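Asks: Take this structure first; my questions come after.
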Amino acid sequence: MVESTHGKSIPDDTLLYLDSVTVSFDGFKALNDLSLLIRKGELRAMIGPNGAGKSTMMDVITGKTRPDEGKVLYRQADNSSADTDLTRFDEAAVANMGIGRKFQKPSVIESLTVWENLELALAGRRSPFATLFHRIDQTDEQKISDTLDLIHLAERRDDLGANLSHGQKQWLEIGMLLLQEPELLLVDEPAAGMTDEETFRTADLLREIARERSVVVVEHDMEFIRALDCRVTVLHEGHVLAEGSLDHVQNNQQVIDVYLGR
Amino acid sequence: MTTKLQGGSVTRLLLNDRGGRWFLATLAIATVLVLALNLLVPESSPLHVSTYMVTLLGKYLCYGLLALALDLVWGYCGILSLGHGAFFALGGYAMGMYLMRQIGDRGVYGNPDLPDFMVFLDWQTLPWYWQGFDQFWFAALMVLLVPGVLAFLFGWLAFRSRVTGVYLSIITQALTYALMLMFFQNDFGFGGNNGLTDFKDILGFDLQADSTRAVLFLLSSLALIAGYLLCRALVNSRYGRVLVAVRDAESRTRFLGYRVEHFKLLAFVVSAMLAGIAGALYVPQVGIINPGEFSPINSIELVIWVAIGGRGTLFGAVIGALMVSYAKTWFTGAFPEVWLFALGALFVVSTLWLPKGLVGVVGPVLERWRTHRQQPALKEVADHG
């Protein structure tokens with residue numbers, strides 16, 4: 001058990017704990033004393049109006065933005081005794097500790113093929129010299145093939161990333177995340193710009209993934225959140241406004257006032 | 001056994017590189033042909049290629065290698081260096097220093113220990129940084145190390161601070177400009193304004209001799225072929241795919257766990273060393289190196305070669321370098337005042353209408369012609385159906 005700055009104790013199966021994180025840009029507090037706890041194997045949805053701090057929160061966790069105050073404690077699978085404060089590391093280091101991120105805008109490598117995109121994401125050594133002499137083995141090929149099936153892109157394996165549809169790019173990016181073999185996936189608006197059918201397939205995909213890993217999904221689409229069927233956190237002005245089941249937060253008067261009621 | 005293995009890996013390297021195979025084959029045949037016509041055909045014959053022409057072509061090949069070096073960082077990693085001429089010039093100076101020391105007591109002042117310009121400046125002893133350059137191996141090492149170390153230091157600072165895009169281009173330009181000003185100083189110890197010249201021989205061979213010129217031309221061609229294969233091996237590996245990822249989506253690549261600055265740094269250093277080799281082969285052929293080689297305009301012209309040839313293809317960059325250099329030779333002979341306008345026009349045309357350069361235009365045409373020839377029946381069906 002570890003004590004947070006608020007004196008509350010943190011449960012043992014905690015994967016990630018944001019402890020009173022504050023980020024301000026020119027006086028504007030994008031995150032205001034935000035505390036948040038993600039358990040191992042949890043699927044969590046985050047909602048909130050624009051500017052609530054959802055993307056900033058992801059930036060802080062993944063090492064892109066350094067907070068002014070607070071800590072981001074991360075408990076890796078291999079050394080459960082000591083927690084790592086992620087705010088002291090950069091993007092590449094955080095990624096290699098097992099935190100994968102999918103951006104709001106699909107960002108796959110457009111001039112590489114689907115297969116090459118996945119190969120690039122494949123867990124393994126990341127130094128220039130290691131990549132120079134890297135030869136892909138059968139286990140890795142099998143992993144990529146399995147992922148291609150999972151994201152329904154097996155037939156497009158030799159097509160360039162640029163030639164995929166918007167939804168397919170989103171899936172490819174989720175596939176890339178999976179091959180990184182992360183402990184925690186941060187997924188920013190995966191259903192944006194998708195058709196209804198694609199949206200439901202994406203929700204299925206994320207539920208499937210959440211069986212083995214922790215997943216945090218930021219999303220606006222209430223239908224999609226309902227399909228995810230998980231605990232929901234509502235962010236407002238950089239702070240947690242409410243947390244619980246979807247029905248619970250939807251009936252919360254504060255949430256209705258600032259977000260849903262608009 | 002080893003040869004066979006190497007042959008095998010070269011074949012694998014060029015398997016999906018039809019343009020590269022054509023390019024290397026053409027280059028090899030042209031090299032042999034030029035040498036044969038120069039050395040075996042008598043001067044009276046209209047087929048004879050003059051030594052002047054051999055040296056001119058050798059110079060173009062050095063430019064080709066320089067363009068290749070730039071394409072590795074610009075075409076594949078998105079680093080638009082506007083100062084790559086600096087690495088070329090540094091390699092050239094390292095070779096020039098060796099050639100200076102080779103002159104010995106045959107200079108105008110006949111001083112066996114000091115190059116002429118130092119005697120002129122009334123220097124008594126050889127500066128410490130000239131030590132060792134009387135040895136060819138040392139100079140050859142410096143040809144690689146000086147550009148390599150400078151690129152490493154510069155790249156380390158720039159890439160780690162995440163300087164990208166236009167800002168990076170501007171500081172590379174500043175780098176070459178600063179070096180130019182330094183080399184112009186007489187006190188800096190590299191011959192100031194005049195640079196290094198009046199070379200006599202290299203490894204004991206007379207630099208004016210036809211045979212030496214022919215060998216230098218051959219070495220330039222071999223260096224270009226080796227450089228091409230090296231760059232192809234780099235971009236074909238997983239490392240090369242990370243470079244492309246950095247070019248297309250730098251921050252995505254970071255979140256995949258790749259330390260982007262290290263990838264850029266390796267490409268930048270390899271590129272600088274290739275540029276250094278190009279400079280070192282260039283200097284004995286043209287017979288002079290002076291601070292003008294650091295001039296920003298040279299580096300910009302280099303970018304134009306790559307843009308016109310087609311960036312991100314390697315061979316396109318070389319073709320661009322050869323063609324634009326030839327055009328420059330012709331223009332500056334026929335209409336010297338028009339050249340800069342022609343160069344500017346070329347750049348505008350290639351930016352507006354040829355975003356992928358000449359290779360981007362000619363490649364698809366050849367491809368269509370090939371499929372047309374291979375499947376005439378299918379084409380007919382498609383046309384009439």
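Asks: Scan region A:99-150 for residues that are basic (Lys, Arg) and either in a helix (DSSP H, G or I) or at the interface with another protein chain (Cβ under 7 Å from one of its Cβ atoms) (or both) and jot them down.
Replies: Taking region A:99-150 and keeping what is basic (Lys, Arg), we get A:101-102, A:105, A:125-126, A:135, A:143.
A:Arg101, A:Arg126, A:Lys143, listed by residue number.
Asks: Now for a different question. Counting just the residues of region B:39-87 that are within 28 Å of B:Gln208 (Cβ to Cβ), of a type in the set (Ser, Thr, Tyr) and part of a helix (DSSP H, G or I), which one comes out nearest to the chain's Cα centre (by Cα)?
Replies: If we take residues in region B:39-87 being within 28 Å of B:Gln208 (Cβ to Cβ), of a type in the set (Ser, Thr, Tyr) and part of a helix (DSSP H, G or I), then B:Tyr63 is nearest to the chain's Cα centre (by Cα).
Asks: Taking region B:238-263, which residues are surrounded by fewer than 20 Cβ atoms within 10 Å (Cβ to Cβ), more than 7 Å from chain A (Cβ to nearest Cβ) and touching an Asp or Glu at 6+ places or on another chain (Cβ under 7 Å)?
Replies: none
Asks: Moving on. Given the residues B:Leu266, B:Leu216, B:Leu222, which is the only one that is under 19 Å from the mean Cα position of the chain (by Cα) and farther than 30 Å from B:Ser50 by Cβ? First the steps, then the outcome.
Replies: Details: B:Leu216 fails: farther than 30 Å from B:Ser50 by Cβ; B:Leu222 fails: farther than 30 Å from B:Ser50 by Cβ.
Just a single option satisfies the conditions, and that option is B:Leu266.
Asks: Condition check: over 14 Å from the mean Cα position of the chain (by Cα), surrounded by fewer than 24 Cβ atoms within 10 Å (Cβ to Cβ) and at negative phi. Does B:Gly107 satisfy that?
Replies: Details: over 14 Å from the mean Cα position of the chain (by Cα): yes; surrounded by fewer than 24 Cβ atoms within 10 Å (Cβ to Cβ): yes; at negative phi: yes.
Yes.
Asks: Do we find that B:Ile297 is of a type in the set (A, V, I, L, M, F, W, C), away from chain A (no Cβ under 14 Å), more than 26 Å from B:Val361 (Cβ to Cβ) and in a helix (DSSP H, G or I) in this structure? So that I can check it myself, show each step before the final result.
Replies: Details: of a type in the set (A, V, I, L, M, F, W, C): yes; away from chain A (no Cβ under 14 Å): yes; more than 26 Å from B:Val361 (Cβ to Cβ): yes; in a helix (DSSP H, G or I): yes.
The answer is yes for B:Ile297.
Asks: Follow-up question, since we're still on this one. How many of the residues in region A:196-221 are among the aliphatic types (A, V, I, L, M) and either more than 20 Å from A:Gly53 (Cβ to Cβ) or free of Cβ contacts under 8 Å to residues at least 24 places away in the same chain (or both)?
Replies: Initially, region A:196-221 is screened for residues among the aliphatic types (A, V, I, L, M), giving A:203, A:205-206, A:209-210, A:215-218.
In the following step, the residues that additionally are either more than 20 Å from A:Gly53 (Cβ to Cβ) or free of Cβ contacts under 8 Å to residues at least 24 places away in the same chain (or both) were identified as A:203, A:205-206, A:209-210.
Adding up the residues that qualify gives 5.
Asks: Related question: Scan B:Ala233, B:Ala223 and give me the residue that is crowded, with 17+ Cβ neighbours inside 10 Å and within 21 Å of B:Ile319 (Cβ to Cβ).
Replies: Going through B:Ala233, B:Ala223 in turn, just one is crowded, with 17+ Cβ neighbours inside 10 Å and within 21 Å of B:Ile319 (Cβ to Cβ): B:Ala223.
Asks: If you go through region B:300-307 one residue at a time, do you hit one that is away from every other protein chain (no Cβ under 14 Å) and within 23 Å of B:Gln185 (Cβ to Cβ)? Even if it seems obvious, please write down each step before you answer.
Replies: First, pick out the residues of region B:300-307 that are away from every other protein chain (no Cβ under 14 Å): B:300-307.
Next cut, within 23 Å of B:Gln185 (Cβ to Cβ) only: none.
No.
Asks: Let me ask you something else. Just checking, how many residues over region A:41-63 are within 14 Å of another protein chain (Cβ to nearest Cβ) and at pLDDT 90 or above?
Replies: Of the residues in region A:41-63, the ones within 14 Å of another protein chain (Cβ to nearest Cβ) are A:55, A:58-63.
Applying the additional criterion that residues be at pLDDT 90 or above yields A:58-63.
Residues in region A:41-63 being within 14 Å of another protein chain (Cβ to nearest Cβ) and at pLDDT 90 or above: 6 in total.
Asks: For A:Gly63, state whether it is small (Gly, Ala, Ser) and in a loop (DSSP other than H, G, I, E, B).
Replies: Numbers: small (Gly, Ala, Ser): yes; in a loop (DSSP other than H, G, I, E, B): yes.
Judged against the criteria, A:Gly63 is a match.
Asks: If B:Leu90 satisfies all but one of (1) in a loop (DSSP other than H, G, I, E, B); (2) over 20 Å from B:Gly204 (Cα atoms), what's the number of the condition it fails?
Replies: In the conditions (1) in a loop (DSSP other than H, G, I, E, B); (2) over 20 Å from B:Gly204 (Cα atoms), B:Leu90 misses (1) alone.
Asks: Tell me which residues, restricted to region B:110-135, are under 25 Å from the mean Cα position of the chain (by Cα) and either surrounded by fewer than 16 Cβ atoms within 10 Å (Cβ to Cβ) or at pLDDT below 90 (or both).
Replies: Scanning region B:110-135 gives a single hit, B:Gln135.
Asks: Also: Answer yes if at least one residue in region A:165-177 is more than 23 Å from B:Leu234 (Cβ to Cβ), within 14 Å of chain B (Cβ to nearest Cβ) and of a type in the set (Val, Ile, Thr), and no otherwise.
Replies: Yes, because at least one residue in region A:165-177 is more than 23 Å from B:Leu234 (Cβ to Cβ), within 14 Å of chain B (Cβ to nearest Cβ) and of a type in the set (Val, Ile, Thr).
Asks: Go through (1) away from every other protein chain (no Cβ under 13 Å); (2) within 22 Å of A:Ser24 (Cα to Cα); (3) not acidic (Asp, Glu) and name the single condition A:Ala82 misses.
Replies: Among (1) away from every other protein chain (no Cβ under 13 Å); (2) within 22 Å of A:Ser24 (Cα to Cα); (3) not acidic (Asp, Glu), A:Ala82 violates only (2).
Asks: Let me ask something else. Just name the residue that is nearest to B:Leu314 (Cα to Cα) out of those in region B:352-374 that are surrounded by 12 or more Cβ atoms within 10 Å (Cβ to Cβ) and touching a helix residue (DSSP H, G or I) at 6+ places or on another chain (Cβ under 7 Å).
Replies: Here the residue is B:Val359.
Asks: Go through the residues of region B:196-210 one by one and say whether even a single one is within 30 Å of B:Trp22 (Cα to Cα) and either at pLDDT below 95 or outside any helix (DSSP H, G or I) (or both). Walk me through it before giving the result.
Replies: Just the residues of region B:196-210 that are within 30 Å of B:Trp22 (Cα to Cα), to begin with: B:210.
Now restrict to residues that are either at pLDDT below 95 or outside any helix (DSSP H, G or I) (or both): B:210.
Yes, some residue in region B:196-210 is within 30 Å of B:Trp22 (Cα to Cα) and either at pLDDT below 95 or outside any helix (DSSP H, G or I) (or both).
Asks: Any chance region A:245-256 includes a residue that's closer than 22 Å to B:Leu256 by Cα and assigned to a loop (DSSP other than H, G, I, E, B)? Give the steps one after another, and end with the answer.
Replies: Keep residues of region A:245-256 that are closer than 22 Å to B:Leu256 by Cα, which gives none.
The answer is no, given that none of the residues of region A:245-256 is closer than 22 Å to B:Leu256 by Cα and assigned to a loop (DSSP other than H, G, I, E, B).
Asks: Right, B:Leu314: farther than 30 Å from B:Phe184 by Cβ, surrounded by 13 or more Cβ atoms within 10 Å (Cβ to Cβ) and over 15 Å from the mean Cα position of the chain (by Cα) or not?
Replies: Details: farther than 30 Å from B:Phe184 by Cβ: yes; surrounded by 13 or more Cβ atoms within 10 Å (Cβ to Cβ): yes; over 15 Å from the mean Cα position of the chain (by Cα): no.
So B:Leu314 does not fit the description; no.
The values are calculated or read from the model by the stated rules, or taken from the named source; none is laboratory data. The shown structure was predicted, so the numbers you read here are calculated from the model rather than taken from an experiment. Because the Cβ atoms are built from the backbone with ideal geometry, glycine has one as well, and the counts that use them run over all protein chains shown.
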